[in-house]
1. Would you be able to say whether some residue in the stretch 176-189 is exposed (fewer than 15 other Cβ atoms within 10 Å of the Cβ), at pLDDT 85 or above and under 25 Å from residue 64 (Cβ atoms)?
2. Working only within the stretch 30-77, note down all residues that are at pLDDT below 65 and either within 24 Å of residue 170 (Cβ to Cβ) or within 18 Å of the chain's Cα centre (by Cα) (or both).
3. Under the condition of being part of a loop (DSSP other than H, G, I, E, B) and surrounded by fewer than 12 Cβ atoms within 10 Å (Cβ to Cβ), which residue from the stretch 80-117 is modelled with the highest pLDDT?
4. Between a first residue in the stretch 94-122 that is in contact (Cβ under 8 Å) with a residue 12 or more places away in the chain and a second residue that is surrounded by 10 or more Cβ atoms within 10 Å (Cβ to Cβ), which pairs have beta carbons less than 8 Å apart while being 6 or more apart in sequence or on different chains?
5. Among the residues of the stretch 216-230, is there at least one that is part of a loop (DSSP other than H, G, I, E, B), modelled with pLDDT of 80 or more, in the same structural domain as residue 43 (by TED's automatic domain parsing) and over 18 Å from the mean Cα position of the chain (by Cα)?
């Protein structure tokens, strides 16, 4: 399962890197001429990624046994702190669960709007660049709950579950959020593409390459964690 997910990450990274690689082959005089082609290529890639995400979700629902914790993890004497939350989630009725989800989504939208509006003033007051805030501070803050969950399950020796949460989050953003924004841009007549700067795509490729190699090892120690933090 880890091998399949890591391979899917490589395919996703390739789809995100190709528009940048294509854009870098054009000269300055050809940029305006091929802008529409890059836009069409990005939208086509977005459709493919969304289709791949739909297949991934279907496979996850129909083959849930591959995504469960391994038996040796369930037999450990240390109980994961998330069991109480799981029991509470199972006790919610579908109507209440849907209402909680909708309210939470609305709260996230409002908080995200307020956060984005405060970026300019924060950068001016703290003398921090907007790039650092967008690339470092906001991801750390937005992923803090997920990181807490991963730490909790890892302390309960459910490492495979923690790895699944990490990879699942990566695939959700790369296979659904980014392609969905590209398609949404076409609907609202905003030319959004999958073109990123060369430095960003290089970091994406190297990160996916390192994570893919670590997943193939099948062993996770503090040495692998230090390597990821160093990257």
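1. Within the stretch 176-189, one or more residues are exposed (fewer than 15 other Cβ atoms within 10 Å of the Cβ), at pLDDT 85 or above and under 25 Å from residue 64 (Cβ atoms).
2. 67, 68, 69, 70, 73 - these are the residues of the stretch 30-77 that are at pLDDT below 65 and either within 24 Å of residue 170 (Cβ to Cβ) or within 18 Å of the chain's Cα centre (by Cα) (or both).
3. Checked the stretch 80-117; the qualifying residue modelled with the highest pLDDT is 93.
4. Here the result reads 115/138; 119/130; 119/133; 119/134, each pair linking the stretch 94-122 to a residue that is surrounded by 10 or more Cβ atoms within 10 Å (Cβ to Cβ).
5. No, there is no match, as no residue in the stretch 216-230 is part of a loop (DSSP other than H, G, I, E, B), modelled with pLDDT of 80 or more, in the same structural domain as residue 43 (by TED's automatic domain parsing) and over 18 Å from the mean Cα position of the chain (by Cα).
The values are calculated or read from the model by the stated rules, or taken from the named source; none is laboratory data. Since the model is a prediction, treat every value here as computed from it, not as a measurement. Ideal geometry is used to build each Cβ from the backbone, glycine not excepted, and the neighbour counts take in all protein chains shown.
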